[in-house]
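Notes for the one structure printed next.
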Amino acid sequence: MLEIVKNNLKTLISKNLNYDNIIIEEPKKGYADLAIPLFNISKNLNKDINSLYNDLNTLLTKNKYVTNVEFLNGFLNIFLDRFEYSLLVFKNIKNSYKQINIKNPQTIVIDYSSPNIAKHFSIGHLRSTIIGNSLKKIYSFLGYKVIGINHLGDWGTQFGKMIVAYNHWGNPSILESNDVISQLQNLYVRFHEESKNDLNLETEAREVFLALEKGDKVYHKLWELFKEKSLEEFLQMYKTLNVEFDYFTGESFFNDKMDKVLDDINSKGLSKIDDGALIVDLGENIAPALLKKSDGATLYLTRDLTALLYRYNTYHFNKILYVVGNEQKFHFEQLKLLSKKIGYDFDLEHINFGLVLIDGKKMSTRQGGFAKLDDIIKYTISAVENQMLEKNPNISNVTEIASTIGIGAIIFNDLKNERILDIDFDLENMLKFEGQTGPYIQYTSVRISSILKNYDLNDLTIDFELYMDDLYFELIKVISRYD
Ligand code: ARG
């Protein structure tokens, strides 16, 4: 709504001076509400800056949105009429915060969460889930057609290792246990320990993965079980967090689609064989993209490139976002350059983010005796529950409310800081009922809702005197900056 006023003033000045190039700024540091740099205008119109200022002063102070103007350091500073501006905001607010419907909506693909099967859902995947889901809501609200994709990590050489470990040291009963993922993770750790002394294990794992890529039935069956059991845990987590996806097309989905992509690249003469491996040069400043190892196995990047082209051909997106931690920066740089090299100019963005820290150290789920992220969430919820019962022992549906508050606290703690910074997972601070916390925001929101329930906004007499106050007027301005 500030735009309305800016345009109004711009037109007024342009007409008066017969000059179009008027710039109206919003000064960052609270001195005036708006400011117009006068140097260029004075130069281009060949008019003395002081007399220019005097003319504009007379002109602008006649406008109802302006109370007064001041001249400082070459700028004409404008102070808005707080009453008129607040009135404008209140008049428009009812209509302008509705869902935006656009005639030809743009399509955006958001790739988020994307955990790895046979491993626990990590705290980093939680961040991706929270940030990705928020972006999904924001873009939907803005009228985009949003496609949410979970690019499950369910393919790659590590599954050769998993299968070898399972065949050596596992047995079918572990797939029936109530914590299959921990069992599989243990097998994976054991593989790495044993392979320090037994070099054959690595070779065996490579061969198994190659056989898996070629469709070996026995290995495939086993892999399917790993996946099914892992998904059970992941889906439980998504249910708790109330997060949904349009597609669960993980890396394995692209297994039979990579050859075609590699053939195309090859026929365009873009790839070459280097030391037996298939690579694409990406220019001087970055390492070449490795798309096939010398033993013929494909890579994470090969699958991401195939997925990118598949998504483009299937959903015709205008924009694609990958919500993945800082540590994969290089991977997405390569992916973007690679797609450019084969002739596409995608609007592709890596939505990176920082680590989750506990006591200043990178958090791993093993810390604090938690084996699983799910346990941390449950613990958070029960901490809220205790706090609530302490304050009010007779409260009803305490578990349901505690869950809303606990999960809200985790989400808010993630989103309140700048995305690329590391965040602290400090339960005590996160759960405080005052300050910058989820519980406080929810509390405020409940209070506001109950006020709104009790009043009819249509025939409310608003005490605009309130908005003369700096703090409240600042709030009005913040609100009015949203579309
Ligand atoms: N599974 C990957 C990991 O945990 C994240 C995948 C992100 N998405 C993608 N298209 N690469 O590191």
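The values are calculated or read from the model by the stated rules, or taken from the named source; none is laboratory data. Predicted model only: the values in this text are computed from it and were never measured. FYI the Cβ positions are ideal-geometry reconstructions off the backbone, even for glycines, and counts take in every protein chain you see. Accessible surface is based on the protein model in full, side chains and every heavy atom, while ligands, DNA and RNA are left aside. Shrake-Rupley method; radii C 1.70, N 1.55, O 1.52, S 1.80 Å.
Observations on the structure shown:
- Of the criteria (1) farther than 30 Å from ILE138 by Cα; (2) within 15 Å of the ligand (Cβ to nearest atom), which one ASP359 fails: (2)
- Yes/no for ILE130 being of a type in the set (Val, Ile, Thr), part of a strand (DSSP E or B) and open to solvent by less than 40 Å² (accessible area, probe 1.4 Å): no
- The helices (runs of 4 or more DSSP H) found entirely in region 181-300 that carry 2 or more residues being under 19 Å from LYS119 (Cβ atoms) are 200-213, 217-241.
Here's the yes/no breakdown for (1) in a helix (DSSP H, G or I); (2) more than 22 Å from the chain's Cα centre (by Cα):
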position: GLY354; (1), (2): no, no
position: ILE377; (1), (2): yes, no
position: ILE381; (1), (2): yes, yes
position: GLU385; (1), (2): yes, yes
position: PRO393; (1), (2): no, yes
position: SER396; (1), (2): no, yes
position: SER403; (1), (2): yes, yes
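- First in region 96-115 and closer than 27 Å to MET237 by Cβ and at pLDDT below 95, second anywhere and within 16 Å of the ligand (Cβ to nearest atom) and open to solvent by less than 40 Å² (accessible area, probe 1.4 Å), Cβ under 9 Å, 6 or more apart: none
- If you check GLY160, GLY143, GLY148 for being of a type outside the set (Lys, Arg) and assigned to a strand (DSSP E or B), only one passes: GLY148.
- Selection count where residues are open to solvent by less than 20 Å² (accessible area, probe 1.4 Å), closer than 15 Å to GLU202 by Cβ and away from the ligand (no atom under 16 Å from the Cβ), scope region 152-190: 4
- Looking at TYR188, TYR144, just one residue is within 30 Å of ASP374 (Cα to Cα) and not β-branched (Val, Ile, Thr), and that residue is TYR188.
- PHE71, sole failed condition from (1) in a strand (DSSP E or B); (2) within 38 Å of the chain's Cα centre (by Cα); (3) under 29 Å from VAL478 (Cα atoms): (2)
- Summed over region 415-440, residues that are assigned to a helix (DSSP H, G or I), open to solvent by 50 Å² or more (accessible area, probe 1.4 Å) and closer than 20 Å to VAL356 by Cβ total 3.
- Condition met for ILE36 (closer than 30 Å to ILE462 by Cα and in contact with a strand residue (DSSP E or B) (Cβ under 6 Å, 6 or more places away or on another chain)): no
- Taken together, the residues in region 310-324 that are buried (at least 19 other Cβ atoms within 10 Å of the Cβ) and either closer than 23 Å to PRO288 by Cβ or within 13 Å of the ligand (Cβ to nearest atom) (or both) amount to 6.
- Residues of region 281-299 include none that is of a type in the set (Gly, Ala, Ser), within 16 Å of the ligand (Cβ to nearest atom) and out of contact with any Leu (no Cβ under 6 Å at 6 or more places or on another chain).
- Evaluating LYS227 against the criteria (1) touching a residue at least 60 places away in the same chain (Cβ under 8 Å); (2) under 34 Å from the mean Cα position of the chain (by Cα); (3) farther than 28 Å from ASN313 by Cα leaves one unmet condition, (3).
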